[in-house]
């Protein structure tokens, strides 16, 4: 399977600093690219054959006073990188034969511990936290880990599917029928999240799985993008950019800025191609939940609206 990657992080039009971060990690070569690098996409990560070890992609949106948000998101991606590369000085690494999604969950929990401890030890970082939306790709399986309200979308042909569920107060209100999806977009508490890295000692990351098809595009983003563009608008911008993921990232960020850019904006795009992938580009995008997270029947899942 071939993977094409690109990412872009932008401070936006209002904030002084960028508290978002991202990580692209090819485990076969240990090649990484993060928002902290401040450099262009490395040539050997723009398009490559996916190795047996797999690929991990992460977006993290930091929060906290002064520069604490920047510290939290940077610590989040560093913890993921170190655990997955076996360089974790703060705890155990990942077992060689462990499923990649288990390694990513372990790394997420390590990130939570690191950020929480830092916030207790350094008064300048008191109360800091971060979201984390991570993707673990191995073979034709895409596994997701979710903490907070950054997002993952899958684009397949003319379809787009929100593959994660915001761990936010407004999403909870939508789930119990107190407000509509439309009301959630402008609700006064739309930025209140229910879980964040570093907020407390215990964390329960949510997970999901998607079977990758030929030509699928994965999009990870912070709420600086998802809070400005509807699902179909995101799909249309990516589609209009054709095969140029760099252009798609730029167009998405530019549009979010055009609509106000009040928050930092981060986008990661990955496109999957290759003869070993099923060419069923018209297949409905199905998000599989693990047994303990299944709160809907299959029929109800099939009936979910794909666009907000």
Requested in this report: State the extension gain, in nm to one decimal, for the chain segment bounded by residue 188 and residue 240, taking 0.36 nm per residue of separation less the distance between their alpha-carbons.
Outcome: 15.4 nm
Query raised in the report: Using only the Cα atoms, what convex hull volume per residue in Å³ does the range 2-292 have?
Result: 131
Query raised in the report: Where is the GNM fluctuation largest for the chain (alpha-carbon springs, 10 angstrom cutoff): 150, 226, 126?
Result: 126
**Report entry** Computed over the range 59-166, Cα set: Rg, Dmax in Å
**Finding:** 15.0, 49
Query raised in the report: Under the Kirkwood approximation for Rh and a Cα-based Rg, what ratio Rg/Rh is obtained for the range 117-199?
Result: 1.07
Query - Distance from the range 26-92 to the range 143-201 (C-alpha centre basis), Å - result: 23
Query raised in the report: So what's the back-of-envelope 222 nm ellipticity for the chain, counting only DSSP H runs of four-plus at -39500 (n - 2.57) apiece and dividing by all residues, rounded to 500?
Result: -8500 deg cm²/dmol
Report summary line: Taking only the alpha-carbon positions of the range 105-264 as identical scatterers, the Debye log10 I(q)/I(0) at q = 0.11, 0.13 Å⁻¹ comes out as -0.50, -0.70
Query raised in the report: Ranked by Cβ crowding within 10 angstrom, fewest neighbours first, how are 116, 6 ordered?
Result: 116, 6
Query raised in the report: What percent do you get for the relative contact order of the chain when only Cα pairs under 8 Å and 6+ apart count?
Result: 23
Requested in this report: Treat each spin label as a single point 7 Å out from the Cα along the C-beta direction, and report the residue 206 to residue 39 distance in nm.
Outcome: 3.6
Report summary line: Scaled by the rule-of-thumb 2.2 N^0.38 Å, the alpha carbon Rg for the range 186-232 gives a ratio of 1.56
Requested in this report: Using the number of other C-beta atoms within 10 angstrom as an exposure proxy, rank 189, 48, 272 with the fewest first.
Outcome: 189, 48, 272
Report task. In nm, give the distance between the simple-model label positions of residue 178 and residue 247, each being 7 Å from the Cα along the Cα-to-Cβ direction. Result -> 4.6
Query raised in the report: Taking 0.36 nm per residue of separation and subtracting the Cα-Cα distance, what length does fully extending residue 52 through residue 87 add?
Result: 10.6 nm
Requested in this report: Assuming a ≥ b ≥ c are the square roots of the Cα gyration tensor eigenvalues, decide whether the range 1-95 counts as rounded (a/c under 1.5), prolate (otherwise, with a/b larger than b/c) or oblate.
Outcome: oblate
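Read-outs: derived from the displayed coordinates by stated rules, not from any lab. The structure displayed is predicted, hence computed values, not measured ones. Glycine gets a Cβ as well: all are built from the backbone with ideal geometry, and neighbour counts include every protein chain shown.
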